[in-house]
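Contents: one structure, followed by commentary.
The values are calculated or read from the model by the stated rules, or taken from the named source; none is laboratory data. Fair warning: this is a prediction, and the values are worked out from it, not measured in the lab. Note that we place each Cβ from the backbone using ideal geometry, even for glycine, and neighbour counts take in every protein chain shown.
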Amino acid sequence: MQHRIVSLLDSDKAIGEALTALLGTYGISVATYRDAQSFEQEIRTREPNVSCLLIDASQPDVSSFSLLRRIREYDVDTPVLVMIPAARDDIRRRAFRDGATDVIEKQFTKRDLVGRILELLNGDMGTTRKPTATIDLESDSGFWRES
(Lines give C-alpha, C1' and ligand atoms only; values in the text may rest on other atoms or scores of the structure.)
Protein backbone atom coordinates (compact mmCIF):
# COMPACT_ATOMS: atom_id res chain seq x y z
CA MET A 1 0.00 0.00 0.00
CA GLN A 2 1.35 3.38 -0.99
CA HIS A 3 1.94 6.04 1.68
CA ARG A 4 -0.53 8.90 1.23
CA ILE A 5 -0.04 12.51 2.22
CA VAL A 6 -2.67 15.25 2.36
CA SER A 7 -1.48 18.85 2.39
CA LEU A 8 -3.85 20.94 4.53
CA LEU A 9 -4.19 24.72 4.45
CA ASP A 10 -6.08 25.99 7.48
CA SER A 11 -5.15 28.98 9.63
CA ASP A 12 -6.53 27.35 12.79
CA LYS A 13 -3.81 25.27 14.48
CA ALA A 14 -6.32 23.25 16.54
CA ILE A 15 -8.24 22.20 13.43
CA GLY A 16 -5.00 21.16 11.77
CA GLU A 17 -4.12 19.04 14.79
CA ALA A 18 -7.58 17.46 14.92
CA LEU A 19 -7.60 16.62 11.21
CA THR A 20 -4.04 15.26 11.42
CA ALA A 21 -5.07 12.94 14.25
CA LEU A 22 -8.26 11.86 12.48
CA LEU A 23 -6.64 11.13 9.12
CA GLY A 24 -3.71 9.44 10.84
CA THR A 25 -6.06 6.76 12.15
CA TYR A 26 -6.69 5.87 8.49
CA GLY A 27 -2.99 5.74 7.60
CA ILE A 28 -3.00 9.15 5.93
CA SER A 29 -0.24 11.60 6.82
CA VAL A 30 -1.04 15.32 6.91
CA ALA A 31 1.31 18.19 6.17
CA THR A 32 -0.32 21.26 7.73
CA TYR A 33 0.15 24.87 6.69
CA ARG A 34 -1.35 27.84 8.52
CA ASP A 35 -0.63 30.44 5.82
CA ALA A 36 -1.12 30.45 2.08
CA GLN A 37 2.43 31.52 1.22
CA SER A 38 4.12 28.51 2.82
CA PHE A 39 1.38 26.22 1.47
CA GLU A 40 1.82 27.45 -2.10
CA GLN A 41 5.61 27.33 -1.88
CA GLU A 42 5.45 23.72 -0.70
CA ILE A 43 3.02 22.77 -3.47
CA ARG A 44 5.29 24.34 -6.10
CA THR A 45 8.40 22.54 -4.83
CA ARG A 46 6.99 19.41 -3.24
CA GLU A 47 7.94 15.88 -4.00
CA PRO A 48 5.32 14.07 -6.09
CA ASN A 49 4.11 12.01 -3.13
CA VAL A 50 1.46 14.52 -1.98
CA SER A 51 -1.80 12.79 -2.85
CA CYS A 52 -4.47 15.41 -2.11
CA LEU A 53 -4.85 19.07 -1.15
CA LEU A 54 -7.37 20.15 1.50
CA ILE A 55 -8.06 23.92 1.60
CA ASP A 56 -10.26 25.92 3.97
CA ALA A 57 -12.07 28.48 1.78
CA SER A 58 -12.00 31.11 4.53
CA GLN A 59 -8.26 31.84 4.80
CA PRO A 60 -7.53 35.26 6.35
CA ASP A 61 -4.29 35.92 4.45
CA VAL A 62 -5.33 35.24 0.85
CA SER A 63 -8.26 34.60 -1.44
CA SER A 64 -8.57 30.83 -1.43
CA PHE A 65 -9.93 30.99 -4.95
CA SER A 66 -7.01 32.95 -6.41
CA LEU A 67 -4.71 30.49 -4.61
CA LEU A 68 -6.64 27.59 -6.13
CA ARG A 69 -6.34 29.09 -9.62
CA ARG A 70 -2.58 29.56 -9.18
CA ILE A 71 -2.19 25.98 -7.99
CA ARG A 72 -4.10 24.72 -11.02
CA GLU A 73 -1.75 26.65 -13.32
CA TYR A 74 1.11 24.32 -12.38
CA ASP A 75 -0.66 21.29 -10.90
CA VAL A 76 -3.72 20.07 -12.77
CA ASP A 77 -3.72 16.47 -11.51
CA THR A 78 -3.65 16.55 -7.69
CA PRO A 79 -7.19 16.37 -6.27
CA VAL A 80 -8.27 19.42 -4.26
CA LEU A 81 -11.00 19.28 -1.61
CA VAL A 82 -12.22 22.72 -0.48
CA MET A 83 -13.98 23.20 2.87
CA ILE A 84 -16.76 25.80 2.46
CA PRO A 85 -19.37 27.41 4.72
CA ALA A 86 -22.67 25.54 4.78
CA ALA A 87 -25.46 26.58 2.40
CA ARG A 88 -23.24 28.81 0.26
CA ASP A 89 -23.97 27.75 -3.31
CA ASP A 90 -22.12 30.80 -4.66
CA ILE A 91 -18.93 29.66 -2.94
CA ARG A 92 -19.50 26.06 -4.07
CA ARG A 93 -19.85 27.15 -7.71
CA ARG A 94 -16.79 29.38 -7.50
CA ALA A 95 -14.68 26.61 -5.95
CA PHE A 96 -15.52 24.25 -8.81
CA ARG A 97 -15.02 26.98 -11.41
CA ASP A 98 -11.57 27.79 -10.01
CA GLY A 99 -10.36 24.18 -9.96
CA ALA A 100 -11.66 22.28 -6.93
CA THR A 101 -12.15 18.57 -7.48
CA ASP A 102 -14.77 18.45 -4.71
CA VAL A 103 -16.15 20.61 -1.89
CA ILE A 104 -17.35 19.72 1.58
CA GLU A 105 -19.60 21.96 3.67
CA LYS A 106 -18.67 22.82 7.25
CA GLN A 107 -20.10 21.21 9.57
CA PHE A 108 -19.34 17.75 8.25
CA THR A 109 -19.04 14.30 9.73
CA LYS A 110 -15.73 12.61 10.36
CA ARG A 111 -16.90 9.76 8.15
CA ASP A 112 -17.87 12.16 5.37
CA LEU A 113 -14.51 13.95 5.43
CA VAL A 114 -12.49 10.75 5.49
CA GLY A 115 -14.78 9.22 2.87
CA ARG A 116 -14.35 12.19 0.54
CA ILE A 117 -10.58 12.15 0.94
CA LEU A 118 -10.39 8.40 0.34
CA GLU A 119 -12.60 8.79 -2.74
CA LEU A 120 -10.27 11.46 -4.09
CA LEU A 121 -7.20 9.36 -3.33
CA ASN A 122 -8.75 6.32 -5.01
CA GLY A 123 -10.34 8.24 -7.87
CA ASP A 124 -13.86 7.09 -6.88
CA MET A 125 -16.39 9.85 -6.22
CA GLY A 126 -19.48 7.61 -6.12
CA THR A 127 -19.37 6.07 -2.65
CA THR A 128 -22.35 6.73 -0.37
CA ARG A 129 -21.59 7.40 3.30
CA LYS A 130 -23.73 7.42 6.41
CA PRO A 131 -22.87 10.11 9.00
CA THR A 132 -21.88 8.98 12.47
CA ALA A 133 -20.24 12.03 14.05
CA THR A 134 -19.73 15.64 13.07
CA ILE A 135 -16.77 17.98 13.15
CA ASP A 136 -17.68 21.52 14.10
CA LEU A 137 -15.13 23.83 12.53
CA GLU A 138 -16.82 26.98 13.77
CA SER A 139 -16.79 26.16 17.50
CA ASP A 140 -14.01 26.81 19.99
CA SER A 141 -15.35 24.17 22.37
CA GLY A 142 -14.13 21.15 20.42
CA PHE A 143 -14.42 19.51 17.06
CA TRP A 144 -16.08 16.11 17.29
CA ARG A 145 -19.72 15.60 18.21
CA GLU A 146 -21.72 12.43 17.95
CA SER A 147 -24.83 12.74 15.78
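Scoring residue 61 on the criteria (1) at pLDDT 90 or above; (2) surrounded by fewer than 16 Cβ atoms within 10 Å (Cβ to Cβ); (3) of a type in the set (D, E, K, R) leaves a single failure, condition (1). One residue alone among 62, 76, 50 is among the β-branched types (Val, Ile, Thr) and touching a Ser or Thr at 6+ places or on another chain (Cβ under 6 Å), and that residue is 50. Looking only at residues of the range 1-15 that are among the small types (Gly, Ala, Ser) and at pLDDT 90 or above, we find that the one that is farthest from the chain's Cα centre (by Cα) is 14. Considering only residues of the range 13-43 that are in a helix (DSSP H, G or I) and of a type in the set (Asp, Glu), which is surrounded by the most Cβ atoms within 10 Å (Cβ to Cβ)? Going through the qualifying residues, I end up with 40.
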